[in-house]
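Structure, as structure tokens:
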Amino acid sequence: MTAPLKRETIGQTRFKIGGMDCASCAAKIDTAVRRIEGVADVSVSVTGASMTVSHGGALPEDKVLQQVARLGYGIVRAEAHVSPMSDKAHADHVHNDHEDHDHAGHDHDHGHAEPGQAWWRSRRTALTLACAAALLAAYGIGHLFPVAERWVFLVALLVGLVPIARRALMAALAGTPFSIEMLMTIAAIGAVMIGATEEAAAVVVLFLIGELLEGVAAGRARASIQGLADLVPKTALVERAGGTSEVPAEQLAVGDVIVVRPGDRIPADGEIVEGASDIDEAPVTGESTPKRKGVADAVFAGTISTDGVLKVRVTAAASDNTIARVVRQVEEAQEAKAPTERFIDRFSRTYTPAVLAVGALVAMLPPLLAGGDWNEWIYKGLAILLIGCPCALVISTPAAIAAGLATGARRGLLMKGGAVLEGFRRITAVAFDKTGTLTAGRPVVTDIMGYGRDERSVLSLAAALEQGSSHPLATAILDRAKTDKAPVPPALAAKAISGKGVEGSVGGVAVFLGSGQAAGERSDMTEGQRLAVDSLNGQGKTVSVLVADGVVAGLIAMRDEPRPDAAAGIAALKAEGIRAVMLTGDNRRTAQAIAASLGIEARAELLPQDKQRIVGELQREGFKVVKVGDGINDAPALAAADIGIAMGGGTDVALETADAAILHGRVMDVARMVKLSRAVMVNIGQNISVALGLKAVFLVTTILGITGLWPAILADTGATVLVTANAMRLLRWRG
């Protein structure tokens with residue numbers, strides 16, 4: 001064993017793997033790479049077609065490339081995150097087919113495609129076609145020359161079996177003696193020994209066809225995430241030196257100004273600096289209604305400007321835009337196994353040797369103990385080896401988990417791995433932060449009342465005083481004036497009065513805008529006006545009183561309003577039998593007003609440690625708790641909860657603090673995460689039932705002599721295809 005690695009020397013190097021289409025492939029690669037000295041940990045993702053190797057100091061990269069290539073897989077270095085001690089900090093792609101290495105037989109006997117290669121161009125496809133053609137030729141030659149039949153079928157068998165046997169040998173030498181290829185090799189050789197050469201050749205062809213179908217299905221799963229990455233256009237129009245030039249989108253730098261024409265996809269995350277347009281965010285968020293956006297509004301890469309020309313200042317490089325982050329998070333999440341997936345992995349490691357033992361017992365015991373025919377029982381034992389291939393079983397869980405993570409990501413539901421996705425199905429309570437989670441996080445004008453003036457005039461005078469202020473209440477008034485197209489005249493000698501409000505002269509009229517108490521010092525308020533202020537305050541609203549020429553002219557009430565879908569989102573959780581509670585540091589009156597409008601219980605005036613304590617209390621009462629917050633201020637409670645969710649938008653999503661994130665700030669998405677988790681677990685149950693059910697049926701029929709080698713391999717191939725296809729149904733999940 002190698003010595004323990006110091007934390008400061010640990011680095012990570014990421015590789016893309018070609019032709020890794022099932023969990024058995026991943027297990028072989030994992031086992032082989034772990035045996036390399038200097039490797040601390042290995043994480044392999046089938047659906048991400050990737051492998052992340054944790055290592056101390058410099059990674060012996062050539063050994064990794066050789067070890068994986070010997071197993072028959074394509075491999076290139078994708079990226080690296082290494083410590084300063086490592087001399088491998090470059091991120092250039094490195095291909096495994098070095099001609100000077102003794103393993104460069106890189107004919108890739110596994111028949112696998114290189115990373116990113118289309119399945120129909122892979123050597124696997126060529127091998128399958130060659131083996132099928134050899135089998136058809138053997139049937140023809142055997143019919144014309146019966147005396148040569150056994151030999152031509154043996155040749156047809158060897159076309160496919162030699163590569164399979166080589167893979168089995170390489171896997172055994174790399175630490176995986178009980179591989180699917182080993183079962184296939186033993187079964188084929190045994191069939192030849194008892195004279196079933198024709199059947200053995202046909203079974204090898206069916207096995208290769210099954211592998212090919214697995215590859216196609218795995219490719220579909222990968223394409224679901226790659227399709228998201230492809231939403232970002234490859235080029236962008238950059239404004240430089242008074243003109244525009246077309247450059248690759250990946251070369252855009254933060255601060256560049258790009259031009260987006262009507263109908264164009266936006267090539268980068270950014271902020272609009274000129275123009276306005278309806279932005280179609282459906283490709284990224286699934287929202288069917290375009291949003292009107294103008295100067296200072298944020299836009300995301302991959303969305304579409306439908307009707308206006310925009311100039312956008314880039315705020316994130318290509319490698320860090322919203323979609324790139326989503327893709328990266330999902331790829332990393334797919335490497336984090338769910339509890340069910342880990343159990344299936346452990347089970348399969350003992351399952352395959354057990355199948356070998358059962359096959360041997362079936363072949364030997366009846367002839368030895370009951371005088372059975374050796375050929376008949378050896379044939380049945382070989383069929384059991386093929387029935388026992390664990391392909392369908394080991395792919396049943398990771399295929400569904402990967403499809404669930406991918407479909408969630410396409411809808412802005414990001415989860416850090418299968419364990420988090422699986423955990424949502426057990427959630428029984430959700431604790432929400434208020435500001436920025438249940439509410440939009442910024443106040444808006446809710447009520448305007450005029451006394452002796454109309455509401456438009458009250459709004460104009462107030463907006464005139466607030467011009468140039470960045471205070472949230474001032475911004476709310478200015479936004480309302482803009483929305484209502486109320487005129488905003490200039491204010492003279494405008495100044496803020498600490499703790500009270502702002503005053504100035506507008507059109508020759510002395511105007512003050514401030515709290516009710518400060519306004520009462522400048523003007524006598526009627527009983528009706530005081531009752532109106534109290535009523536609005538009772539609804540959790542902040543009230544500013546406008547005084548013009550010493551007389552109360554109007555009231556403006558503001559509140560941080562609930563998100564449009566907050567009430568529906570909480571109702572959806574309750575419909576699933578999940579308790580919802582709001583935890584906020586805001587004052588009790590405001591909290592109760594918001595809670596009453598949403599139908600949620602509220603606990604107010606809380607410090608961060610209070611929120612953490614309440615989460616713990618819920619857990620001690622037996623609840624499985626989700627905490628939803630901004631991912632930073634609520635860090636203690638997020639960490640204490642069974643699952644923490646960061647509520648955010650764009651590149652500001654606090655993924656580092658939480659287990660999951662709601663990218664587009666929809667409260668309803670919490671319930672969608674729960675529903676997606678339950679849908680995935682139902683799918684996994686169906687997959688395991690199909691995988692084990694078919695094996696059980698064919699095990700019985702084989703022992704009874706009803707079915708043989710052909711149906712056995714068809715049962716395994718068919719189950720694998722059915723399981724994968726069932727998992728892919730999750731890609732169409734709509735929530």
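The values are calculated or read from the model by the stated rules, or taken from the named source; none is laboratory data. None of these values were measured; they are calculated from a predicted model. Here the Cβ positions follow ideal geometry from the backbone for every residue, glycine too, while neighbour counts run over all protein chains shown.
For residues in segment 540-551 being in contact (Cβ under 8 Å) with a residue 60 or more places away in the chain and surrounded by fewer than 21 Cβ atoms within 10 Å (Cβ to Cβ), which is farthest from GLY504 (Cα to Cα)?
Start the filter on segment 540-551 by keeping residues that are in contact (Cβ under 8 Å) with a residue 60 or more places away in the chain, which leaves 541-542, 544, 546, 548, 551.
Keeping just the survivors that are surrounded by fewer than 21 Cβ atoms within 10 Å (Cβ to Cβ) gives 542, 551.
Numbers: THR542: 21, VAL551: 15 Å.
Among residues in segment 540-551 that are in contact (Cβ under 8 Å) with a residue 60 or more places away in the chain and surrounded by fewer than 21 Cβ atoms within 10 Å (Cβ to Cβ), the one farthest from GLY504 (Cα to Cα) is THR542.
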Among the residues of segment 488-502, which ones are within 15 Å of ALA463 (Cβ to Cβ), under 51 Å from the mean Cα position of the chain (by Cα) and part of a loop (DSSP other than H, G, I, E, B)? VAL488, PRO489, PRO490
Given the condition under 21 Å from MET184 (Cβ atoms), modelled with pLDDT of 90 or more and surrounded by fewer than 24 Cβ atoms within 10 Å (Cβ to Cβ), answer yes or no: does some residue in segment 26-38 qualify? yes
Of the residues in segment 388-415, those that are outside any helix (DSSP H, G or I) and among the hydrophobic types (A, V, I, L, M, F, W, C) come to CYS389, LEU413, LEU414, MET415
Listed by first then second residue, the pairs whose first member lies in segment 504-530 and is surrounded by fewer than 16 Cβ atoms within 10 Å (Cβ to Cβ), whose partner is at pLDDT 90 or above and in a helix (DSSP H, G or I), with beta carbons under 8 Å and at least 6 positions apart or on separate chains, are VAL509/LEU461
Take the residues of segment 389-415 that are of a type outside the set (A, V, I, L, M, F, W, C) and crowded, with 24+ Cβ neighbours inside 10 Å: which is farthest from ILE645 (Cα to Cα)? PRO390
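Looking only at segment 469-495, which residues are charged (D, E, K, R) and either farther than 16 Å from VAL506 by Cα or surrounded by 11 or more Cβ atoms within 10 Å (Cβ to Cβ) (or both)?
Those that are charged (D, E, K, R) and either farther than 16 Å from VAL506 by Cα or surrounded by 11 or more Cβ atoms within 10 Å (Cβ to Cβ) (or both): ASP479, ARG480, LYS482, ASP484, LYS485.
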Selected residue (criterion: surrounded by the fewest Cβ atoms within 10 Å (Cβ to Cβ)) from residues of segment 156-178 that are among the β-branched types (Val, Ile, Thr) and within 16 Å of LEU208 (Cα to Cα): VAL162
If a residue has to be out of contact with any helix residue (DSSP H, G or I) (no Cβ under 6 Å at 6 or more places or on another chain) and in a strand (DSSP E or B) to count, how many in segment 515-551 make the cut? 4
Is there a residue being in a helix (DSSP H, G or I), surrounded by fewer than 20 Cβ atoms within 10 Å (Cβ to Cβ) and of a type in the set (Asp, Glu) anywhere in segment 590-607? no
